[in-house]
Amino acid sequence: MSLSSTKVSAAGPVGVFDSGYGGLTILRQIRQLMPQYDYLYLGDNARAPYGSHSFEVVYEYTLQAVEALFARGCNLVILACNTASAKALRSIQQNDLSRIDPTRRVLGVILPTVEAVGGITRSRHVGVLATTGTILSRSYEMEIHKLHPEIAVTGQACPMWVPLVENDEFDSPGADYFVKKRVEGILRTDPDIDTLILACTHYPLLMEKIVKYTPAGVRIVTQGEYVAASLADYLRRHPDMDRRCGKGGRSRYLTTESPEKFRESALLFMREKEVDVERISLG
């Protein structure tokens, strides 16, 4: 799909994209802070998870999703997916927006978290718990060092955490083994860590177990509140974009998988029983 000649100025929903369901935790906190806006969520659930895919594939899939949201009236899209933010955001911003429509914007979830972490850590040692793809991209390490070059960053891939959440096993006794292993592993690598970033939108559902195996003096940082605050600040600083965001307080959902399965996950991630969801195809 090409929108190269399309220039849309009418108000539309804020687009929120994730490869799966985890981005719903970001949307929930954005809506709590800014309930007056319209939102259109797209989950590429049929091709999730993105964490194990190459940069090229993640970029291709993410661009397809962004163009689908633009085609449905979104002028601003949030990549509520760490893998997409790490592997595709910069290319889309630098190479594709000028072709699609230079007046539209795509933002990610990494920078808001990075901007906040400098004021949180005291030891200047930070740990990042994320998917294998996000860890291999070194995006958090690079972005933190741009703003806070003195902070030591240690990454730990947690490949089983997303499947635990996606399969509704996040509260099972078996999940303890995988959470304990990764939390203790990263703190063993760097015992001076005083801040752990949960750099995957699924991980807040594992919070009870993460807290259980994290020493009391270590701060656990989830992304939702920082992404929501950053978006609110962005719209305050860009009133032209704010005017292009609809404000009817409505939320709609798109999925590339089964709408019934999406509704079940919306109950899990957003605690909502009724959602307006439609199945679409990408690519």
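No value in this document is a laboratory result; all are computed from the given coordinates. Since we're looking at a predicted model, the values are computed, not measured. Counting neighbours? That spans all protein chains shown, and the Cβs are built from the backbone with ideal geometry, glycine included.
Structural remarks
- Over all other residues within a Cβ to Cβ distance under 15 Å of D171, the charged ones net out to -1, with Lys and Arg as +1 and Asp and Glu as -1.
- Around G20: net Lys/Arg minus Asp/Glu count, Cβ-Cβ under 12 Å: -2
- Given charges at beta-carbon only (K, R positive; D, E negative), |dipole| of the chain in Debye: 560
- Cα shape, the range 47-164, gyration tensor, a/c 1.5 rule: oblate
- Folded to 0 to 90 degrees: helix 23-33 orientation relative to the chain principal axis, Cα: 80
- 14 Å beta-carbon shell around A228, net charge (K/R +1, D/E -1): 0
- Taking the chain as a Gaussian network of alpha-carbon nodes connected by springs under 10 Å, the highest mean-square fluctuation of the residues G248, G73, G155 belongs to G248.
- Zone of K247's modelled label, taken as backbone nitrogen in the range 260-283 under 20 Å from a point 7 Å along Cα→Cβ: none
- Selection from Y213, T131, M142, by position along the positive dipole direction of the range 70-222 (Cβ): M142
- Placing dummy labels 7 Å off each Cα toward the beta-carbon, the span from S54 to L33 is 3.6 nm.
- Simple spin-label estimate for A216 and D276 gives 4.9 nm between the two label positions (7 Å along the Cα-to-Cβ direction from each Cα).
- Shown in residue order for the range 138-144 are the 3J(HN,Hα) couplings computed by the Karplus curve 6.51 cos²θ - 1.76 cosθ + 1.60 at θ = phi - 60°: 6, 4, 5, 4, 5, 5, 5 Hz (x for Gly and Pro).
- When only Cα pairs below 8 angstrom with a gap of at least 6 residues are kept, the range 117-199 shows a relative contact order of 48 percent.
- Per residue, the Cα convex hull of the chain amounts to 117 Å³.
- Counting only DSSP H runs of at least 4 residues, each contributing -39500 (n - 2.57), and dividing by the residue count of the chain, the helix-based mean residue ellipticity at 222 nm comes to -12000 deg cm²/dmol.
- Helix 224-237 axis, angle to the chain major axis (alpha carbon atoms, nearest 10°): 40
- Classified by the C-alpha gyration tensor, the range 241-283 has an oblate form. Its axis ratio a/c, with a ≥ b ≥ c, is 1.5 or above, and a/b does not exceed b/c.
- The angle separating the long axis of helix 173-189 from the principal Cα axis of greatest extent in the chain is about 70 degrees.
- Projected label distance in nm at M207 and K181, using a 7 Å step from Cα toward the beta-carbon: 2.5
- Taking amide hydrogens as placed 1.01 Å from N in the peptide plane, the amide H of C245 sits under 5 Å from those of G12, each at least 5 positions away in sequence or on another chain.
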